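The values are calculated or read from the model by the stated rules, or taken from the named source; none is laboratory data. What you are looking at is a predicted structure, and each value in this text was computed from that prediction instead of being measured. Note that we place each Cβ from the backbone using ideal geometry, even for glycine, and neighbour counts take in every protein chain shown. In case anyone asks, the SASA skips ligands and DNA or RNA and just uses the protein heavy atoms, side chains included. Shrake-Rupley method; radii C 1.70, N 1.55, O 1.52, S 1.80 Å.
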Amino acid sequence: MTDTATLTSVSEPNEHGYRSFQLGGFTFDRDEHFVHIEWPTGRHVTPVEDFLKALMRDIAWNFFYGTVNFDSVIGTVNHYGNVDLFAGRFNDAYRKAELDHMENFDHDVIMGAFKDMLSDWTNDGFDPFAAPQETGSPYGVKHGDNEAAITRTRVTAQRMVGLPGDEKIRTDETHPINRMFADVDQSEPTIEVEPGYENDVASFNLFAYLSRSDVTWNPSIVSVCKESLYCPTTEEFILPIIHGNDRVEWFLQLSDEITWRVEDRETGAPRATVVMKAGDVAAMPADIRHQGYSSKRSMLLVWENGSAELPDLIATGQAPTVPVTW
Ligand code: PHB
Ligand code: FE
């Protein structure tokens, strides 16, 4: 690994209309179908649709927890302030052949380059957050852009959803019920509040709320209790990244079904296939990576421990990689 690299540059548009990007020793090019990535010891080609969907998540989640593998070769490791960009680092064959490569970048440098790349390479009509049947195509020569989709920010509640001021945060006009959640009960719970507490006590139907989500595979933090973060999300098709966590992460399957492909975080060797049906709860260990498949749009609660101390405690063996040992 080299010292923190800052060299970034961009080229004039190529014959397909797209700019090329350089980040340290890495170069990124796109054509009508593929992204081509080169580094000092190798090269890689990947479908542009997969790449843009992964890039969108890496940006939106601010490099997330631990490792974001775009596929089995390319990805980032978050060090919370600086970020590794790697090729083959978590791929056994690349490691053994010594073709893997990793460079560290200041957070703002790599974030800036990634945002420019996503903006330049996303065509009109393609929404990297949307389910496959709810978006147009990313392919072809450069035509237009989709800044509205790639810069969308989450609807932010000012208070708990349901409290006065935030009771109508998702409506038919702004967030119609998704086609796959047409059967989700939209009734709201009845709360009988003691006089004087009307402004402070409320409840809401989380299933109804989630049925109106217009994005897939994009957890939102809906509650924070010390380091405990509840992050529900709606899922359809394939999680566009393979997540290598630096801490234990819990999944609560709220509806329908997701199949998780679980691999060793370092090598990519298969470890398990986990089929989660509505009501199932699973803890993903801190030494694996996982990718979810959801045939029908489903609802998932991702439960994260946000403690900044955990990655180091786990990496140094002071905390276990599993929440419980039988
Ligand atoms: C995860 O990596 O744990 C993850 C990411 C996005 C989702 C669900 C789970 O939508
Ligand atoms: Fe994860």
For the chain, what does the helix formula give at 222 nm: sum of -39500 (n - 2.57) over DSSP H segments with n ≥ 4, over the residue count, nearest 500 deg cm²/dmol? -4000 deg cm²/dmol
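Solvent-accessible area per residue for segment 8-149 at a 1.4 Å probe radius, Å²?
Values: 5580 Å² over 142 residues.
That works out to 39 Å² per residue.
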How many angstrom lie between the Cα centre of segment 122-196 and the Cα centre of segment 260-304? 24 Å
How would you rank 42-54, 159-171, highest first, on the average number of other Cβ atoms within 10 Å across their residues? 42-54, 159-171
Let me test this: with uniform point scatterers at the alpha carbons of the chain, what is the Debye-based log₁₀ I(q)/I(0) at q = 0.08, 0.16 1/Å? -0.40, -1.48
The chain: relative contact order as a whole-number percent, Cα under 8 Å and 6+ apart: 14 percent
Place a +1 charge on the Cβ of each Lys and Arg in the chain and a -1 charge on the Cβ of each Asp and Glu, then give the dipole magnitude about the Cα centre in debye, rounded to the nearest 20. 480 debye
As computed over segment 75-173, the Cα convex hull volume per residue (Å³): 194 Å³
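Tell me, what is the per residue accessible area of segment 253-326 in Å², probe radius 1.4 Å? Write out the running numbers ahead of the final one.
Details: 3810 Å² over 74 residues.
Using a 1.4 Å probe on heavy atoms only, each residue of segment 253-326 averages 51 Å².
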Give me the lysines in straight-line cross-link reach of LYS296: C-alpha distance below 29 Å, same-chain residues under 8 apart excluded. LYS53, LYS168, LYS277
Place a point 7 Å from the Cα of LEU313 in the direction of its beta carbon; the residues of segment 220-236 whose amide N falls under 13 Å from it are 227-228
Give me the Kirkwood hydrodynamic radius of segment 129-198 in Å, from all C-alpha pairs, to one decimal place? 16.2 Å
With point charges of +1 on the Cβ of Lys and Arg and -1 on the Cβ of Asp and Glu, referenced to the Cα centre of segment 118-181, which listed residue (GLY125, GLN158, GLY136) lies farthest in the positive direction of the dipole? GLN158
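What area, in nm² and to one decimal, does the C-alpha convex hull of segment 6-60 cast on average over all directions?
Working: hull surface 17.0 nm².
Seen from a random direction, the Cα hull of segment 6-60 projects 4.2 nm² on average.
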Hey, what angle do you get for helix 48-60 against the long axis of the chain, alpha-carbon based, 0 to 90 degrees rounded to 10? 60 degrees
Nearest 0.05, what FRET efficiency do LYS277 and ARG154 give at R0 = 22 Å with Cβ-Cβ as r? 0.20
How big is the shadow of the Cα convex hull of segment 8-149, averaged over all directions, in nm²? 8.2 nm²
Looking only at aspartates and glutamates whose Cα falls under 12 Å of LYS115's and that sit 8 or more positions away or on another chain, we get ASP58, GLU147
Starting from 0 in steps of 5 Å, tell me what percent of the Cα-Cα pairs of segment 227-326 lands in each bin. 3, 13, 22, 26, 19, 12, 4, 1
